Amino acid sequence: GCWPRKWRRASTARAKAGKAQAMPDLLERKVGIVSCSGEELAEGTVARLAALKVLNELRPRDTVTICLPLFLAGGAGDRAFAKLHPTITVDGCDLRCAAHGTEKYSNKPAASLVVNELVAECGLALRLPRKKRRNICPAVL
């Protein structure tokens, strides 16, 4: 697998213990994390790893993941959760597929991060022109 070993162990251990839950009770107060699912750019991978760090290490009791492809395809449970709870989107690039999809199908995200903008602020950006990127989320736009 491509996930860091410590995250794989934690996820496997939690699933074996029966603590993993596909979708929390809609009445339980949680924050949904919607992460970029683009694999074309490294920033998409960074977005997913950042979301996993929050979900598994920093705020495991306060957050749940919302699967962006399922959300865009019409996942009723994910859309209902995002309408009733705050969401944070973590996008890899300025196409902002997670943020646009969340706003289009539920509500405006409570917070939205874009990895390549954060990287640029640190002076580390290697930016590809927009025309060299494919639009990987046509359902959003």
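Each residue of the range 28-41 is assigned a 3J(HN,Hα), and the resulting list reads 6, 7, 9, 10, x, 9, 10, 9, 3, 10, x, 10, 6, 10 Hz, derived from the Karplus form 6.51 cos²θ - 1.76 cosθ + 1.60 (θ = phi - 60°), x at Gly and Pro. Amide H contacts for T63 (H built 1.01 Å from N in the peptide plane; partners 5 or more residues away or on another chain; cut-off under 5 Å): V31. Label-to-label distance for K104 and R29 is 3.2 nm, based on points extended 7 Å past Cα in the beta-carbon direction. So for the range 50-107, considering every pair of alpha-carbon atoms, how many percent are separated by more than 17 Å? That tail contains 37 percent of the Cα-Cα pairs.
Peptides 106-112, 78-84 ranked from most to least packed, by the mean per-residue count of other Cβ atoms within 10 Å: 78-84, 106-112. For D91, neighbours were defined as the other residues whose beta-carbon sits under 10 Å from its Cβ, and their charges (Lys and Arg +1, Asp and Glu -1) total -2.
We did not get these values from a lab; they are worked out from the coordinates using the rules stated. Note that the structure is predicted; figures quoted are calculated from it, not measured. Counting neighbours? That spans all protein chains shown, and the Cβs are built from the backbone with ideal geometry, glycine included.
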